[in-house]
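Encoded as C-alpha cells, the structure appears first; notes follow it.
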C-alpha cells in the first residue's frame with residue numbers, strides 16, 4: 001500500500017472536521033491526527049474563502065450584488081455546517097446568561113439556543129451583509145477574511161489552556177497545544193493572501209490582534225481558558241472586523 005506524508009493526513013483530518021468536504025479513502029483518522037490538525041485551519045479557511053468568493057463572483061454576473069453576497073454567505077454556512085456560527089451563539093448565551101465558570105460552561109454546552117445567541121447570530125449576519133455590500137475588492141476580501149479569521153483563534157490555543165475536561169466535549173479531540181512551528185505553518189496562507197493584496201491592507205492586523213488578545217484575556221478571566229465555542233466566536237468576530245475595517249472611508253472610493 002502506498003504511504004502518504006503524515007501532513008497530508010493531518011490536512012484531510014482538518015478538512016473533514018471543519019467542512020462538509022470528504023477526503024480520499026486512504027486518509028487515516030485518529031484522535032492524535034485530529035488533535036494536531038488545527039495547524040491547517042487557515043488553509044481550510046483559504047479553501048472556504050475561494051469557494052464563497054467564486055459563488056459571489058459567478059452570481060454577480062447575473063444577479064444584483066446584494067443577492068450574490070447572500071448566496072456567498074449561504075455557501076459559507078453550508079460548507080462549514082455553521083460550526084463557527086454555533087460557537088458564537090453558544091458563547092454569547094454562556095457569557096450573557098452565566099455568572100460563574102461552571103454556569104457559563106453548562107449554558108454553552110446546552111444544545112438549545114437562547115436569546116443572546118439568537119440576537120448575536122442575527123446581528124452578525126446583518127453586519128456581514130451590510131459590510132460586504134459596501135466594500136470594494138469584494139472577492140479578495142472574502143478570501144482573506146475566511147483565511148485570516150481562522151488563524152487568529154490559533155493564537156488563543158497557543159497562549160491559553162482548554163478548560164473542558166469532560167469526555168463528551170466534541171472539540172477536545174480536535175484541539176491540542178500549538179508549537180511555534182505549527183503557527184508558522186498556519187501563517188503561510190495568511191502571507192499568501194497579503195501577497196496579492198495592496199500593502200495598506202496590512203493595517204487590518206492591528207484591530208484583529210487587539211480583539212483576539214482581549215478575547216483571550218476575557219475568556220481567561222471568566223472561565224480560566226477557552227472552549228471550542230470560544231474559538232468559534234473568535235473566528236466570527238474577527239471575520240466581521242475585517243469586513244467592517246474595509247468599509248472605512250479610506251478603503252472606499254479610491255481614497256488611498
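The values are calculated or read from the model by the stated rules, or taken from the named source; none is laboratory data. Please read these numbers as outputs of a predicted model, since none were measured by experiment. Cβ atoms come from the backbone with ideal geometry, glycine included; neighbour counts cover every protein chain shown.
Residues in segment 30-53: is at least one farther than 24 Å from residue 185 by Cα and assigned to a loop (DSSP other than H, G, I, E, B)? Before you say what the answer is, go through the steps one by one.
If we filter segment 30-53 for residues that are farther than 24 Å from residue 185 by Cα, which is where we start, we get none.
No, every residue in segment 30-53 fails to be farther than 24 Å from residue 185 by Cα and assigned to a loop (DSSP other than H, G, I, E, B).
Name every residue in segment 195-234 that is within 18 Å of residue 250 (Cβ to Cβ) and surrounded by fewer than 20 Cβ atoms within 10 Å (Cβ to Cβ), in order of residue number.
Step one: of segment 195-234, the residues within 18 Å of residue 250 (Cβ to Cβ) are 197-208.
Correct list: 197, 198, 199, 200, 202, 203, 205, 206, 207.
Residue check: is residue 158 in contact with a strand residue (DSSP E or B) (Cβ under 7 Å, 6 or more places away or on another chain) and modelled with pLDDT under 95?
Numbers: in contact with a strand residue (DSSP E or B) (Cβ under 7 Å, 6 or more places away or on another chain): no; modelled with pLDDT under 95: yes.
Taking the combined requirement at face value, the residue does not satisfy it.
Taking the stated definitions as given, is residue 85 under 20 Å from residue 211 (Cβ atoms) and touching a strand residue (DSSP E or B) at 6+ places or on another chain (Cβ under 7 Å)?
No, not satisfied.
Rundown of residues vs (1) touching a helix residue (DSSP H, G or I) at 6+ places or on another chain (Cβ under 6 Å); (2) in a helix (DSSP H, G or I); (3) modelled with pLDDT of 95 or more; (4) surrounded by 13 or more Cβ atoms within 10 Å (Cβ to Cβ), yes/no style:
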{"position": "69", "(1), (2), (3), (4)": "yes, yes, yes, yes"}
{"position": "74", "(1), (2), (3), (4)": "no, yes, yes, no"}
{"position": "79", "(1), (2), (3), (4)": "yes, yes, yes, yes"}
{"position": "89", "(1), (2), (3), (4)": "yes, yes, yes, yes"}
{"position": "94", "(1), (2), (3), (4)": "yes, yes, yes, yes"}
{"position": "99", "(1), (2), (3), (4)": "no, no, no, no"}
{"position": "104", "(1), (2), (3), (4)": "yes, yes, yes, yes"}
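Being more than 23 Å from residue 121 (Cα to Cα) and modelled with pLDDT of 95 or more narrows it down to one residue among 178, 240, 148, 205; which is it? So that I can check it myself, show each step before the final result.
Numbers: 178 fails: modelled with pLDDT of 95 or more; 240 fails: more than 23 Å from residue 121 (Cα to Cα); 148 fails: more than 23 Å from residue 121 (Cα to Cα).
Answer to the check: 205.
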